[in-house]
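The values are calculated or read from the model by the stated rules, or taken from the named source; none is laboratory data. In this text the structure is predicted, and so the values were computed from the model without any measurement. Heads up, the Cβs are rebuilt from the backbone with ideal geometry, glycines too, and the neighbour counts pull from every protein chain shown. Surface areas here come from the heavy atoms of the whole protein model, side chains and all, with no ligands, DNA or RNA. Shrake-Rupley method; radii C 1.70, N 1.55, O 1.52, S 1.80 Å.
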Amino acid sequence: LPHRPPNVCVDCWEGPFANQFGLLGSGYSNLVSRDDLENRANLEGCIWCQIVLAALQDSVPGAFRVQLHLISSNLPPSTYTPLCLLGCPRYATYASPECRISDQFRLGDPAADFLLHDDYLLDVGSQRSLDLAKQCMDRCKHEHELCCHISAHPYPMSIPARLVDCADPRSPLLVQTAGRAGIEAYVALSYVWGVQTPSYRTTTENLPGRINGAPLTSLPRTVQDAIRVTHALGFRYLWVDGLCIVQDSPEDQHREIKYMRQIYRYAALTIIASSASSVDEGFLQERTQPPTLVPTHTLPFICPGRPDDLASPVLTGTRQLGIIHVEQKSRRPEDAPAPEPVDLRAWCLQELLMSPRSLIFTHTGLLFRCQTTSVNVCGAVRDGFFDPHPLPHELFQPNTSIVPRPELRWSVWRAWWQTVHSYSGRSTSYPTDRLVACGGVAEEFGRVLHMDYLAGLWRDTLLRDLLWVKNPQTVQRPRPAYRAPSWSWAALDGLIVLPNTICNAPWDGVDEIAEIVACSVRLEDEALPFGQVTGGSLVLRVPLIRC
């Protein structure tokens with residue numbers, strides 16, 4: 001190691017910083033107490049301890065394990081711009097929501113040659129931006145083992161029923177998929193309709209003309225942008241709900257909504273118009289330059305020696321010590337960026353989660369997300385975009401006839417409640433869609449869990465599930481028309497959580513003093529067990545406890 005700088009304590013220099021280049025071996029982690037961090041930060045002036053404390057300020061007191069890891073550039077090896085920065089929970093790379101690294105260096109500072117500077121994609125619709133996005137897709141398709149396995153399952157040819165043919169983006173056509181050869185892949189669009197009912201939608205009146213070759217005209221801006229991106233990425237077909245579902249046909253809507261999860265599950269890519277608050281707004285507008293960085297910390301940076309072959313991943317030679325300037329962003333709620341429009345809509349969460357690959361056009365840039373990773377395309381900042389936990393990969397496997405082992409079942413059940421938490425704070429245009437808009441995701445969970453679904457809860461874990469609580473900060477709204485029994489979280493608007501004491505409790509070995517005598521729900525449509533309900537009942541046998 002180079003000589004230790006004065007603003008880093010011995011423990012950090014010989015621990016996390018030494019681990020930066022694998023000097024301590026793989027799997028290194030550092031168990032440190034809050035008191036130790038505070039002493040080293042305040043008494044010794046250790047800048048790294050100060051950063052970790054700030055990043056973990058909401059953690060419970062006591063000892064906590066900080067997992068530090070090496071983060072490298074996502075660009076191809078030929079560019080050789082490795083980013084080697086220590087990471088910890090909630091404080092990772094220059095592109096994270098928590099911090100940014102300044103691109104200003106002292107003259108001759110060796111760190112300047114190794115850090116990937118911010119190169120913001122302001123024109124997200126440019127050919128350069130889309131080429132970089134396509135590189136992310138190609139790496140995912142060829143290098144991500146999990147994503148390759150998911151993509152290996154071909155989609156059913158009858159789903160979806162219709163697609164938009166974007167071969168000529170100036171004159172798109174609506175085509176039927178049944179019996180049509182040559183449809184190997186399609187792209188799906190996830191977007192916010194907005195307040196007004198789109199006039200471009202497909203209806204029983206204009207459907208015959210459209211499927212017989214009538215061009216789709218007067219399309220709203222968001223759909224036009226999606227057609228342009230689909231064509232630029234090398235795809236021919238696009239699925240848009242307003243065009244591909246007959247909007248005034250209950251029969252057609254019933255069929256397509258039933259298969260909605262599969263439409264997004266089998267899409268080669270989902271375009272998410274995250275920044276657009278309505279279908280008329282579009283999402284390819286040029287983004288604004290982020291504000292100038294104001295450094296809050298100065299960190300030492302151990303620079304590796306360059307290899308002779310720039311394509312080689314092996315770093316050799318003499319290590320030098322450079323300096324980087326880091327801005328740590330405010331964590332105050334009032335300074336938090338506004339959420340993206342899609343983050344407020346219930347339907348959009350299901351569309352994001354069920355998509356194996358997504359290209360997300362946020363209000364600050366461009367993000368590629370898959371089941372393996374989420375990457376900022378060429379330095380795009382992710383402020384404001386809510387990125388939920390990916391669904392367990394078991395939900396993307398076609399064969400789930402075997403009941404999973406208990407530990408996997410528990411893990412998947414916990415993931416369900418993470419999904420409920422993310423979903424419950426969102427809104428639907430129609431209150432009765434509260435269960436419908438997450439029905440596709442629920443069906444996939446049910447397929448893996450092998451449990452009966454009871455209006456957002458599961459029969460095998462019902463006693464635990466009944467312990468959900470509403471976030472106390474949620475504003476109470478007037479009780480809506482009936483959509484779920486009172487014991488279901490779906491009966492209420494607002495954010496729902498299952499306490500950590502319940503989620504983290506052992507799957508077995510818990511004493512249950514209550515007993516489920518009977519529980520049932522009445523479905524609006526028996527063919528849609530994960531859809532809307534019209535009634536429900538619950539009978540419990542419990543001991544009385546003196547108040």
I'd like to check something: does the stretch 95-103 contain any residue that is outside any strand (DSSP E or B), open to solvent by less than 70 Å² (accessible area, probe 1.4 Å), at pLDDT 75 or above and of a type in the set (A, V, I, L, M)? no
Among the residues of the stretch 345-356, are any open to solvent by less than 20 Å² (accessible area, probe 1.4 Å), in contact with an Asp or Glu (Cβ under 9 Å, 6 or more places away or on another chain), assigned to a loop (DSSP other than H, G, I, E, B) and modelled with pLDDT of 65 or more? yes
Of the residues in the stretch 208-257, how many are hydrophobic (A, V, I, L, M, F, W, C) and either open to solvent by 30 Å² or more (accessible area, probe 1.4 Å) or modelled with pLDDT under 90 (or both)? 6
Residues that are within 30 Å of Glu286 (Cα to Cα) and of a type outside the set (A, V, I, L, M): find the strands (runs of 3 or more DSSP E) completely inside the stretch 159-248 holding 1 or more of those. 162-165, 187-190, 237-239
Report every pair of residues separated by at least 6 positions or lying on different chains whose Cβ atoms are under 9 Å apart, first residue within the stretch 250-269 and without any contact (Cβ under 8 Å) to a residue 60 or more places away in the chain, second crowded, with 20+ Cβ neighbours inside 10 Å. Gln253/Ile245; Gln253/Val246
Is it true that Ser486 is open to solvent by 50 Å² or more (accessible area, probe 1.4 Å), at negative phi and of a type outside the set (Phe, Trp, Tyr)? yes
Within the set of pairs 6+ apart or on separate chains, which have a first residue in the stretch 495-509 that is among the small types (Gly, Ala, Ser), a second that is modelled with pLDDT of 85 or more, and C-beta atoms under 9 Å apart? Ala505/Arg464
Can Asp460 be described as assigned to a loop (DSSP other than H, G, I, E, B) and either farther than 30 Å from Pro341 by Cβ or open to solvent by less than 70 Å² (accessible area, probe 1.4 Å) (or both)? no
Could you tell me how many of the residues in the stretch 415-474 are among the charged types (D, E, K, R) and under 22 Å from Ala505 (Cα atoms)? 6
Search result, residues across the stretch 409-443 that are open to solvent by less than 30 Å² (accessible area, probe 1.4 Å), of a type outside the set (Ser, Thr, Tyr) and under 20 Å from Cys503 (Cα atoms): Val412, Trp413, Ala415, Trp416, Trp417, Val420, Val441, Ala442
Selected residue (criterion: most open to solvent (accessible area, probe 1.4 Å)) from residues of the stretch 498-532 that are aliphatic (A, V, I, L, M), in a strand (DSSP E or B) and farther than 21 Å from Trp413 by Cβ: Val517
If we ask which residues in the stretch 385-411 are modelled with pLDDT of 85 or more, of a type in the set (A, V, I, L, M, F, W, C) and under 29 Å from Thr362 (Cβ atoms), their number turns out to be 3
Single unsatisfied condition, Ala490 versus (1) under 18 Å from Ala346 (Cα atoms); (2) out of contact with any helix residue (DSSP H, G or I) (no Cβ under 7 Å at 6 or more places or on another chain); (3) not in a helix (DSSP H, G or I): (3)
Return the pair list, or none, for Cβ contacts closer than 8 Å from residues in the stretch 123-140 that are on the phi < 0 side of the Ramachandran plot and open to solvent by 10 Å² or more (accessible area, probe 1.4 Å) to residues that are among the basic types (Lys, Arg) and part of a helix (DSSP H, G or I), at least 6 apart or on different chains. none
Looking only at the stretch 309-328, decide whether some residue is in contact with a Gly (Cβ under 6 Å, 6 or more places away or on another chain), at pLDDT 70 or above and either open to solvent by 10 Å² or more (accessible area, probe 1.4 Å) or not in a loop (DSSP other than H, G, I, E, B) (or both). no
Scope the stretch 1-56; condition aliphatic (A, V, I, L, M), at pLDDT below 85 and in a loop (DSSP other than H, G, I, E, B); matching residues: Leu1, Leu23, Leu24, Leu56
